[in-house]
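Only one structure is covered here, and it is reproduced in the block below.
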Amino acid sequence: MSKIEARGLNVYYEKGTVHALKEVNLEIESNKITALIGPSGCGKTTFLRTLNRMNEVNDVMTKGKVFIDGVEIYNGGVDVIQLRKKVGMVFQQPNPFPMSIYDNVAYGPRVHGTQNKKLDTIVEESLKKAALWDEVHDRLDENALKFSGGQQQRLCISRALAVNPEIILFDEPCSALDPISTSKVEDLLRELKKDYTIVIVTHNMQQAARVSDFTAFFLLGEMIECGKTTQIFEKPKDKRTEDYVTGRFG
Amino acid sequence: MLLGDSAKMPLRKEYTANLEKLKVDVQKMGELAKDSARNAITALVQRDRVLATRIIKENVTIDDLEFDIEKRCMKLIALQQPMAVDLRTIGTCMKIITDFDRISDLAGDIAEIVVRIADDPHVKPLIDIPRMSEISQGMLSDCLEAFSTGEIKMLEDFSERDNEIDALFDQVRRELLTLTIEKPRFIANASHLNFVALHLERIGDHACNIASRIIYMVTGKRRKLE
Ligand SMILES: Nc1ncnc2c1ncn2[C@@H]1O[C@H](COP(=O)(O)OP(=O)(O)OP(=O)(O)O)[C@@H](O)[C@H]1O
Ligand SMILES: [Mg+2]
């Protein structure tokens, strides 16, 4: 069974006037990295946000179904807090809280009621998993905003890991990073997929080709083609996918 | 980048032009290699030393073209990060120019043999050798057409055509062997002809390599033809 499955998913903004996702069907496999690619405005972020119900704000209407581990998440019975614990998210711009490294990572577990004595271990493990521990272990009480962009992004990843999610959504996690930080985050993604299911939005085609197992191509709100990453970049089936990955539209 | 009417505009103009130019030059190199191979057999049949010498000289042009194409492929990969059909095309170009180069080297080797034996009449009428050449010429023509049009139907029977060349090669070898047993003074000439046939057999193999790369370029599937 796939970890995530979207069926006939539609999202509308602006009181239904903007149809941002159109009948999207997509299955996402467990312990794999799935990349979402497509031109700006095609609905990648919108799709990502449906997976942990971050779209549930005024003016946004979601139709269709999303199953996670076979459970329909838009069903009334689903606890959104638990859902977001299970489905973590990392954004394009590193957004650490203006507090210490330690408190950033401990924030989620505290909210979920973890006892203080367990926090040290969680913080250390999360920072280690995000390959940041060696750089910050003796500076845990320093303000997170003092660190570099790449370090902040890995801190945000630690923060997402700290609540022990099963799925992590990355929305262009490297677009603000230099090549070295980018390659650290990419190594990290490969490491993380052993334990997590990862969905990543990226504008960098080579990055999608380097890190992902599966790639889905979106265009104007539609999911055009999804397949093994090697297939999408070597021999896409749809002409529109080919035009996009070769850098030509029209 | 917003998708709207601007999306209809062709992007990456220079890149697209460079790719096109690359294909044109690979095509040109292929034509040259094919012509060398054909001319080498003509020179052999007609014992034409002048033509043979010209083939040997032209080899240099083909070598230069190969280096130039290879350099441009590397540059496109490094600077343009090609994907999908573009990447398959560039990869195919990089591979098949090696085969074209080998074909022109083999044609050059045949031409050198012609230069050495042009004064003496052949030990036997040449029938199978021109036939081998004809088949390999047909294969190379089809490769070049498939490369430029993307139509690969005519590459389907390459294994059979290659088998035919192999069978002719066997026949030539056996015939020359019998001949030299009967008339040992023919040994030198016969062994030269034996090499010519061997080179033609190799050219058939290169045509098969080229065909499998072109099939990959067009379909994205790797298939071995031999
Ligand atoms: N909050 C919103 N209100 C109104 N329209 C929105 C909202 N968010 C997104 N949209 C519209 O929905 C469409 C999809 O937007 P989305 O952010 O999902 O695109 P994207 O693929 O993530 O683009 P990018 O690559 O630029 O991040 C766009 O047309 C956008 O203008
Ligand atoms: Mg987005």
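Throughout, read-outs are computed from the coordinates displayed, never taken from laboratory work. Please read all numbers here as calculations on a predicted model, not as lab measurements. We place every Cβ from the backbone using ideal geometry, glycine too, and count neighbours over all the protein chains shown.
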*Using 0.36 nm per residue of separation minus the Cα-Cα distance, give me the extension gain between B:THR53 and B:LYS153 in nm, one decimal.*
32.3 nm
*By average Cβ neighbour count within 10 Å, what is the ranking of A:148-158, B:139-149 from highest down?*
A:148-158, B:139-149
*Kindly list the residues of the stretch A:87-116 that lie in the label zone of A:LEU145, defined by a backbone N under 14 Å from the point 7 Å along the Cα-to-C-beta vector.*
A:95-101
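Other chains' Cβ within 10 Å of B:83-94 residues: what's the mean?
Shielding by partners across B:83-94 averages 4.
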*Please provide three numbers in whole Å: the alpha-carbon extents of the protein assembly as shown along the principal axes, with the largest listed first.*
101, 52, 40
*Report the normalised scattering of chain A as log10 I(q)/I(0) at q = 0.07, 0.12 Å⁻¹, calculated by the Debye formula with identical scatterers on the alpha carbons.*
-0.24, -0.70
*In Å, the Kirkwood hydrodynamic radius of the stretch B:14-219 over pairs of distinct alpha carbons?*
17.8 Å
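Students often check this: by mean Cβ neighbours within 10 Å, which of A:59-71, B:102-114 ranks highest, and how do the rest follow?
Descending mean neighbour count gives B:102-114, A:59-71.
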*Run the dipole for the stretch B:128-173 about the Cα centre, Lys and Arg Cβ at +1, Asp and Glu Cβ at -1, nothing else charged, and hand back the magnitude in debye, nearest 20.*
140 debye
_Between A:ARG190 and A:PHE97, what is 0.36 nm times their sequence separation minus the Cα-Cα distance? Round to one decimal in nm._
30.9 nm
_What's the ranking of B:60-69, A:77-86, B:212-221 by average number of surrounding C-beta atoms within 10 Å, highest first?_
B:212-221, B:60-69, A:77-86
_Could you tell me how far the Cα centroid of the stretch A:71-144 sits from the Cα centroid of the stretch B:200-226, in Å?_
54 Å
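Which entries of A:LYS44/B:LYS21; B:LYS57/B:LYS221; A:LYS128/B:LYS71; A:LYS129/B:LYS75; A:LYS44/A:LYS193; A:LYS65/B:LYS221 show an alpha-carbon separation above 32 angstrom in the structure shown?
A:LYS44/B:LYS21; B:LYS57/B:LYS221; A:LYS128/B:LYS71; A:LYS129/B:LYS75; A:LYS65/B:LYS221
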*asked:* Could you tell me how far the Cα centroid of the stretch B:124-163 sits from the Cα centroid of the stretch B:42-82, in Å?
replied: 20 Å
*What's the Kirkwood radius of the stretch A:120-250 in Å, using all Cα pairs?*
16.1 Å
*How many angstrom separate the Cα center of the stretch A:171-250 from the Cα center of the stretch B:178-199?*
61 Å
